[in-house]
1. Does THR269 meet the test of being among the β-branched types (Val, Ile, Thr) and over 25 Å from ALA138 (Cα atoms)?
2. May I ask you to say which residue of GLY111, GLY85 is under 16 Å from ASP18 (Cβ atoms) and either touching a residue at least 12 places away in the same chain (Cβ under 8 Å) or among the basic types (Lys, Arg) (or both)?
3. May I ask you to list the residues in region 229-255 that are touching a helix residue (DSSP H, G or I) at 6+ places or on another chain (Cβ under 7 Å) and charged (D, E, K, R)?
4. Give the residues of region 92-128 that are acidic (Asp, Glu) and open to solvent by 30 Å² or more (accessible area, probe 1.4 Å), sorted by residue number.
5. Scan region 115-133 for residues that are in contact with a Gly (Cβ under 9 Å, 6 or more places away or on another chain) and under 24 Å from GLY87 (Cα atoms) and report the count.
6. Among the residues of region 96-125, write down those that are closer than 23 Å to THR54 by Cβ and part of a strand (DSSP E or B).
7. So, restricting to strands (runs of 3 or more DSSP E) that lie completely within region 52-91, which ones have at least 2 residues that are open to solvent by 30 Å² or more (accessible area, probe 1.4 Å) and farther than 19 Å from VAL27 by Cβ?
8. Can you name the number of the only condition in (1) open to solvent by 60 Å² or more (accessible area, probe 1.4 Å); (2) at pLDDT below 95 that GLU163 fails?
Amino acid sequence: MPDSLEEGTIVGMTEQIDFLQLRDFAVSTAKRAAELITSRRAELVAGDGIAAHTQTKSSNVDPVTEVDTAAEDFIATTIRTARPGDGIFGEEGSNVDSTSGVTWIVDPIDGTVNFLYGVPDFAVSIGAEYQGRLVAGAVVNVARGRTYAAAAGQGATVTGPDEKPHLLRCGQTSDPALALVATGFGYGSQRRAAQAQLLTKLLLEVRDIRRIGAAALDLCRVAEGTVDAYFEHGINAWDFAAGAIIAREAGAVVHHPGFDKGSAQGELTWAAGADLAPAFEKLLAAHGATGALRG
Ligand code: IPD
């Protein structure tokens, strides 16, 4: 990881320049998608409301809005135009095989429920996978205007309206009993029942729990140290891809189930600062949480 940052550019690295290019492409595309989301949201709110432009997916509490679809279309078109050999794997169904070896894993709006209600924690998440590895990613918190980014071996950064770009470092907590832990819940009632049961045990053994509502931002929070750890069963690759490399590059240990397992498999994704990770994993294992939660 680099240890210096100059005028927004990581210095001291000469190798893996392609990963930096992938990161920069992810950042510019995610920022442009965030602008589209902001303006479309304002139009809907000023018109007949977002609810009139919302449908449901896996359950009646799992929303998808016209803005999710428009943002993914924009991102997919941008990728196809600029990088025609790259693959795409998107939450709203954009699927293109890769001939270059790079596949973009895209969540146009992670935290769609927050988007719907105006809770300012929803994000564009664009990760790049190359030969089975996450190598670059960008997560833009749309409402707060903060951009998290990382490239493999190059560290993770955040930049926002009132902050200069700076390197991210995970928190130093090593004791799970003092850890602030983020988590989330699936959209199906059976999965939720199992998640709630697990939570009744874990809540007694950590400092506290946060449910922010966007897995990509949960992982970025691990990266910036505003939570110490994150875990959730049954998230999809588009939820974790970009956030996982951002957390990892900020010094976190990140475990995810791979890119081809979906929500239905109920497998665990978790992240924690390196000092906390061994004890956090033991805590999860002690409660049978390292396996899948069906539902
Ligand atoms: C959801 C969010 C949420 C998590 C869910 C995800 P979506 O993604 O990341 O925090 O708990 O499991 O499905 O539906 O808003 O893209």
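The values are calculated or read from the model by the stated rules, or taken from the named source; none is laboratory data. Please read all numbers here as calculations on a predicted model, not as lab measurements. In this analysis, Cβ positions are derived from the backbone assuming ideal geometry, glycine residues included, and neighbour counts consider all displayed protein chains. Please note that ligands, DNA and RNA were not included when accessible areas were found on the heavy atoms of the full protein model with its side chains. Shrake-Rupley method; radii C 1.70, N 1.55, O 1.52, S 1.80 Å.
1. no
2. GLY85 is the lone residue from the list that is under 16 Å from ASP18 (Cβ atoms) and either touching a residue at least 12 places away in the same chain (Cβ under 8 Å) or among the basic types (Lys, Arg) (or both).
3. The answer is GLU232, ASP239.
4. The answer is GLU92, ASP97.
5. Residues flagged as in contact with a Gly (Cβ under 9 Å, 6 or more places away or on another chain) and under 24 Å from GLY87 (Cα atoms) within region 115-133 amount to 9.
6. VAL106, ASP107, PRO108, ILE109, ASP110, ALA123, VAL124, SER125
7. Correct list: 54-56.
8. Among (1) open to solvent by 60 Å² or more (accessible area, probe 1.4 Å); (2) at pLDDT below 95, the lone unmet condition for GLU163 is (1).
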